[in-house]
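What follows is a single structure, written as structure tokens, with notes after it.
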Amino acid sequence: MKIIMHATLVAALLAVPATALAQQPVTKSATVTATFTITAINKSARIVTLKDSHGLYDDVYCGPDVQRFDALKVGDKVTFTYHESLVTAIAKAGSLKPAQAAAITRSAGTAPGGTISQQMTATVTIEAIDAKVPSVTIKTGEGHSMAFQIENAKNLEGYKVGDKVDITYTQALAVSVK
């Protein structure tokens, strides 16, 4: 599965472009894990070549924030785990304060790794509501459909398909190298 093939490694080891994540619907139990093998490292350009389980390759840039870049070795296994997004707030469009915060936690030890998480607020259109999960499917301003679990089902009360709303949601990506 080629889930993170055009990623840029940053801070912990990776930051996935928002467009790559936004194109994948996220459901209640969405946790996607994939392991890649490092097949080459260009130290001067800070490029790591990764091979997935299907034999597909991609080059990934490791930015200067990757503090343990020199610890990477050909043959290392890199595991990426993307955890589902969770809506923590929903309100009428224009009523939530914009949130855009990121947190980086580096893993202990000598191998590169860690977790990068972000919280964002966006104005979206409700496409579907499932009060049983509870979840909401939305369409972004860029036209991408996404499904989010809702932290509290009461947050869905009073909303209907077609409403423009502000949502605050979180995403997290964990990276480990072995």
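Coordinate-derived values only; no laboratory data. Computed from a prediction, not measured in an experiment: that's the story for all the values here.
Under 5 Å between amide hydrogens, which residues at least 5 positions from residue 111 or on another chain qualify, with H placed 1.01 Å from N in the peptide plane?
Here nothing satisfies the definition.
Using θ = phi - 60° and the Karplus form 6.51 cos²θ - 1.76 cosθ + 1.60, what ³J(HN,Hα) does each residue of segment 73-81 get, whole Hz, x for Gly and Pro?
With coefficients 6.51, -1.76 and 1.60, one gets 9, 4, x, 4, 9, 10, 10, 10, 10 Hz.
Can you give me the long-range amide H partners of residue 163? Hydrogens built in the peptide plane at 1.01 Å from N, cutoff under 5 Å, separation of 5 or more residues or another chain.
Under 5 Å from the amide H of residue 163: 126.
For a test of understanding, tell me how many lysine pairs in segment 52-178 have Cα atoms under 20 Å apart, given they are 8 or more places apart or on different chains.
The number of close lysine pairs in segment 52-178 is 13.
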